[in-house]
Amino acid sequence: MITGATGFLGRNLARVFLENNIEVFALVRPDSKNAGNLPDDPGLHVVRCGLSHVADCVEAVGHADGFFHFAWGGVNRQEIDSPEVQAENVAGSLECVRAALKLGCRVFMDAGSRVEYGTPDCAMQEDIPCAPVNQYGKAQLEFYQKAEALCRERGLKYFHLRFFSVYGPGDHPWSIISTLTRELPRGGTVSLSACRHLWNFMYIEDAVQAVYELYRHAEENPSAIVNVAGDDTRPLREFVEEVHRIAGGRGSLEYGTFVQAKEGALSIRPDISRLKEFTKGCWAERYSFARGIEETIEKEEA
C-alpha cells in the first residue's frame, strides 16, 4: 500500500515493487488528476481515497504486507509554516498507521525529512536531539513520536525514513536541481544563494532501491529512524558548478541573489551508516552525481 503514489518518490517506489512482481495498491485522492503518472501495470490497483478517510480503503484492499506513507501536503513555501496544514498532515498520517494495523501489515514506513534535525553543528546521525525550525519539520517529528508509540504498542515494525535531497526527473519544479537542469541547457539564468554550505544529493533510483532493500530486510532489523541519503557531501557550489559543466556551460549562475528560506543556509551532513547496516550489503549507490544529472537532463529534453 502506497500513499502519495502519484508523487515523485511514491510512483518510483511503486515501479520498483512492480518490477519485482509485488502487487501494489496506490492510494490516490478522489479529486487527483495525476493518476496518469502511475506505472501502467496489471499489478497496480488505484484506490481513490483521501487521507482523512483512509480507513475507507481497508475493505477494498483487504490485506497488505507493507504500508508506505509518502503523502504529505504543504511542502511549498506558502504552506510549509502553516500550523493548520501541518496539523492536518499529522492527523491524516496517524490514520494511515491505524489503517495499516487494520490491513494486517507487517511493516510501516513513512517519508520523514532532514529538516527534523534543525540546525545541528555536527553530522546528522539518527539518534541526535532534534530541534526543527519550521512547522513542517515540527509536524514530521510530532508524527514520528506519536506513530512510534502506536506501532510499538501494537507490534507493527516501523521505519521512519528521513530523506535528504533526492533529485531526478519528475521532482518538484522549484527544487534547485530541477531548476538548474531545466534552465541552464536552454541558456537561462538561475538565481542562487551563496551556495557555500555543505549539501548532499541522492538520485531517485538509488533512493527507491534503498527503500526496497530496507523493506526486504525489515524482519532482520529493529524499528528505527533511517537516514536516506548518499555518500557525496560537499559544498553546494561544487554541485551547482558540476551541473553547469554538464549543461555545456550554457546559461548563467547568479550567486547571492536568492532569498534563503527561514532556516537559512543550513549545512547538511547525513550519516548513512544505519542505512548500509540495515540493507545488509544489498544496497549501494549506483549513480554518481554526474550520471544522475546527465540522465535527468536527457529525460527533461525528451
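The values are calculated or read from the model by the stated rules, or taken from the named source; none is laboratory data. The shown structure was predicted, so the numbers you read here are calculated from the model rather than taken from an experiment. Here the Cβ is made from the backbone with ideal geometry for all residues, glycine too, and neighbour counts use every protein chain on show. Just so you know, the surface numbers come from the protein's heavy atoms only, side chains and all, with ligands and any DNA or RNA stripped out. Shrake-Rupley method; radii C 1.70, N 1.55, O 1.52, S 1.80 Å.
Remark on Val28: its backbone amide H falls under 5 Å from those of Val47, Arg48, Cys49, a criterion applied only to residues 5 or more positions apart or on other chains, H modelled at 1.01 Å from N.
Solvent exposure of the stretch 9-115, expressed per residue, is 47 Å² of accessible area, with all protein chains present and a 1.4 angstrom probe. Give me the percent of Cα-Cα pairs in the stretch 177-302 that sit more than 24 Å apart, rounded to a whole number. For the stretch 177-302, the fraction of Cα-Cα distances above 24 Å is 38 percent. Under 22 Å of direct C-alpha separation, and excluding same-chain neighbours fewer than eight residues apart, Lys276 reaches these lysines: Lys157. Dividing the summed helix terms, -39500 (n - 2.57) for each DSSP H run of n ≥ 4, by the number of residues in the chain produces a 222 nm estimate of -11000 deg cm²/dmol to the nearest 500. Entry for the stretch 151-222 at q = 0.13, 0.19 Å⁻¹: log10 I(q)/I(0) = -0.58, -0.89, Debye formula applied to identical alpha-carbon scatterers, no solvent contribution.
Expressed as a whole percent, the accessible area of the stretch 240-302 that falls on carbon and sulfur atoms is 47 (1.4 Å probe). In straight-distance terms, cross-link reach from Lys138 covers every one of the aspartates and glutamates whose alpha-carbon lies under 15 Å from its own, apart from those fewer than eight places away in the same chain; here that gives Glu79, Asp81, Glu84, Glu88, Glu116, Glu263.
Remark: C-alpha extents of the chain on the principal axes read 54, 42, 41 Å, sorted largest to smallest. With the convex hull of its Cα atoms as the shape, the stretch 89-244 has an orientation-averaged projected area of 10.4 nm².
Derived scalar couplings between HN and Hα for the stretch 180-189 equal 5, 6, 8, 7, 5, x, 8, x, x, 10 Hz in order, rounded to whole Hz, by the Karplus curve 6.51 cos²θ - 1.76 cosθ + 1.60 (θ = phi - 60°), x for Gly and Pro. Per residue, the stretch 220-302 exposes an accessible area of 51 Å² to a 1.4 Å probe, with every protein chain left in place. A protection proxy built from the mean count of other Cβ atoms within 10 Å ranks the segments 17-24, 51-58, most packed first, as 51-58, 17-24.
Highest mean packing first, where packing is the average number of other Cβ atoms within 10 Å per residue, the peptides 104-116, 178-190 line up as 104-116, 178-190.
Can you send over the carbon and sulfur percentage of the accessible area for the stretch 1-141, probe radius 1.4 Å, protein chains only? Its accessible area is 48 percent carbon and sulfur atoms.
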